[in-house]
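The structure appears below as structure tokens.
The values are calculated or read from the model by the stated rules, or taken from the named source; none is laboratory data. Fair warning: this is a prediction, and the values are worked out from it, not measured in the lab. Cβ placement follows ideal geometry from the backbone for every residue including glycine, while neighbour counts extend to all protein chains displayed. Remember, those area values only see protein heavy atoms, side chains included, never the ligands or the DNA or RNA. Shrake-Rupley method; radii C 1.70, N 1.55, O 1.52, S 1.80 Å.
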Amino acid sequence: MTEPFSGQEAVELYGNRFLTEDAPAAEFPDAGMPALDAMRLVDEELALEGDPNRNLATFVTTWMEPEAQRLIAANLYRNFIDHAEYPISAEIEQRCIRMLADLYHAPGETTGARTQGSSEAIMLGALSLKWRWKQRREAESKPVDKPNLVFGGDVHVVWEKFCRYFDVEPRIVPLQKDKYVIGPEDVEPHVDENTIGVAAVLGTTFTGHADDIVGINQLLLEIKGKRGLDVPMHVDAASGGFVWPFLYPDSAWDFRLEQVRSINVSGHKFGLVYPGIGWLVFRQKEDLADDLVFYENYLGKTDATFTLNFSTGSAMVLAQYYNFVRLGRNGYAYIMKAMESNARALAEQLKGDGYFELIGDEEEQLPLVAFKLAEERGYDEFDVSWQLSAERGWMLPAYTMPPDAEDVKVMRALVKETLSRAQVDRLSADIRQACATLDEKGGAHEVERHKMKMTPGY
Ligand SMILES: Cc1ncc(COP(=O)(O)O)c(C=O)c1O
């Protein structure tokens, strides 16, 4: 009998040689491996990643219907930018933009773009703000070397990234303890003739609330009337853009407000599509600066492009369109209300247990629960997050708020479509149990605390 696990013949017969070897990681491999082995190697590598069903941190979609999955799988090869080859995909993008413009009450015909996510949409929207400001200033023969952008400390990091990458001064309104969004009184002192725009958030990453967009719009109208400065507003509706129209349809935050000139939304968050798809929609065509549109004919047809990337997949555009026609307004409203109802159930249970107080649960909010410990204990929110993860594998983030509210620690549970009421009940029981453990043993050990991740998005 031959030795077990020896010789090329055994490897060929039984496969899986990677199980006893390190996975190729540093050098480009000289030789390949059978397709089945390669597939299994990658599968095995991924097996220990987080479980999306227990991840209450991410806003991003982790489940789509089998029909949508089929559509995505069948269209992975389609290069979205190749409009000559795939004109229907391009038309479907335009349909999605028109539908979003309709949802956001655009006054007439407009334009926009599909993007990789809200980050790319924000870069493009903010670039357009910068270019439009530059054009206005140049027309008046005024200097264009000191552009600034006003936003609150409650924004996503992408806004600071934009300012650094594209040389714009960020004018960041600090948050305060118990005030985690901004309003007109915060914005007013920062606006001057070099302000390219104000960015307001609909559904913050930190607590899921909205800036006072109506109030900021009113302020900008007053500034226009009194000082002759036409300062546009961009609404970062990365999460809120698919929530507010369905949960709070009478709440004006979109193109119903005159100074709102552009909006971004992540299709891959509450648009309910897998990553990465985002959207940028302008109020009207003139809000997109012409200089940012490039014309090329590399692919056999002259096309206007307004993107940071060139080649990219079409599958998520098609999946977004699938959701729009599959769900319609009624379907989205049904899903948003279901998530909200489960979020409220979780909130009530957490409040009832006495350990926590909720943050802004009476206000318009994304379907999530933001909470913190109601009183001083021998442990903090990071310990609860750590203990919950150790006991039951839930990923429920704890983080500190941005300056000047950095002393406030918050926990946040996203209640998504896949979190059923039964799971909500289990989750709240598990949180209660984690707190009971901490009551007995105290907070995490110093060594454990060094391992904790402390940002809102992990
Ligand atoms: C308010 C806000 N803006 C922008 C972003 C970035 O979005 P994306 O991940 O789609 O690039 C996020 C992501 O969480 C967000 O919450």
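Taking 7 Å along the Cα-to-C-beta vector as the label spot, tell me the Glu362-Arg432 distance in nanometres, rounded to one decimal. Between Glu362 and Arg432, the label points sit 2.6 nm apart. Here the calculated FRET efficiency for Asn330 and Gln8, from their Cβ-Cβ distance with R0 = 41 Å, stands at 0.10, rounded to the nearest 0.05. Sorted largest first, the principal axis extents computed over the alpha-carbon atoms of the range 107-174 equal 37, 36, 22 Å. Each Cα pair under 8 Å and six or more residues apart adds its separation to the average, and for the range 311-458 the resulting relative contact order is 25 percent. By accessible area, using a 1.4 Å probe on protein heavy atoms only, the chain has 51% of its surface on carbon and sulfur. Of the peptides 31-40, 257-266, 83-92, the ranking by mean beta-carbon count within 10 Å, highest at the top, reads 257-266, 83-92, 31-40.
A straight chain from Ala390 to Ala338 at 0.36 nm per residue would run longer than the Cα-Cα distance by 15.8 nm. Binning the alpha carbon pair distances of the range 178-245 at 5 angstrom intervals from zero yields the distribution 4, 17, 28, 22, 15, 10, 4, 0, expressed in whole percent.
Counting only DSSP beta bridges with both residues in the range 141-233, tell me the antiparallel percent, nearest 5. Antiparallel bridges make up about 20 percent of those DSSP assigns within the range 141-233.
Structural descriptor for the chain: relative contact order 20 percent, calculated from alpha carbon pairs under 8 angstrom and at least 6 residues apart.
Rg ratio for the range 114-255: its Cα radius of gyration over 2.2 N^0.38 Å, N being its residue count, equals 1.02.
Any chance you could tell me what percent of the C-alpha pair distances in the range 8-70 go past 13 Å? Within the range 8-70, distances greater than 13 Å cover 75 percent of Cα pairs.
Across all directions, the average projected area of the convex hull around the alpha carbons of the chain is 28.1 nm².
Among beta bridges identified by DSSP and lying wholly in the chain, the antiparallel ones come to about 60 percent. Under conditions of 10 °C and 1.306 mPa s, the range 277-418 yields 82 µm² s⁻¹ as its translational diffusion coefficient, taking Rh as the Kirkwood radius over Cα pairs in the Stokes-Einstein equation. Please report the relative contact order for the range 1-139, taking Cα pairs under 8 Å with a sequence separation of at least 6, and give it as a percent rounded to a whole number. So the answer I get is 10 percent.
Taken about its Cα centre, the chain carries a charge dipole of about 1180 debye when Lys and Arg each add +1 at the Cβ and Asp and Glu each add -1 at the Cβ.
Note on the range 240-330: semi-axes of the ellipsoid equivalent to its C-alpha gyration tensor, largest first and rounded to whole Å, are 27, 20, 10. Remark on Gly197: its backbone amide H falls under 5 Å from those of Val150, a criterion applied only to residues 5 or more positions apart or on other chains, H modelled at 1.01 Å from N. Between Glu49 and Tyr248, the FRET efficiency from the beta-carbon distance, with R0 = 25 Å, is close to 0.10. From the convex hull of the Cα coordinates of the range 67-126, what is the mean projected area in square nanometres? If you wrap the Cα atoms of the range 67-126 in a convex hull and average its projections, you get 5.4 nm². Using a ≥ b ≥ c from the Cα gyration tensor of the range 357-458 (square roots of the eigenvalues), is it rounded, prolate or oblate, where a/c under 1.5 gives rounded and otherwise the larger of a/b and b/c decides, a/b for prolate? Oblate, because a/c is 1.5 or more while a/b does not exceed b/c.
Rounded, prolate or oblate: which fits the range 398-458 when a ≥ b ≥ c are the square roots of the eigenvalues of the alpha-carbon gyration tensor, with rounded for a/c under 1.5 and prolate only if a/b beats b/c? In terms of gyration-tensor shape, oblate.
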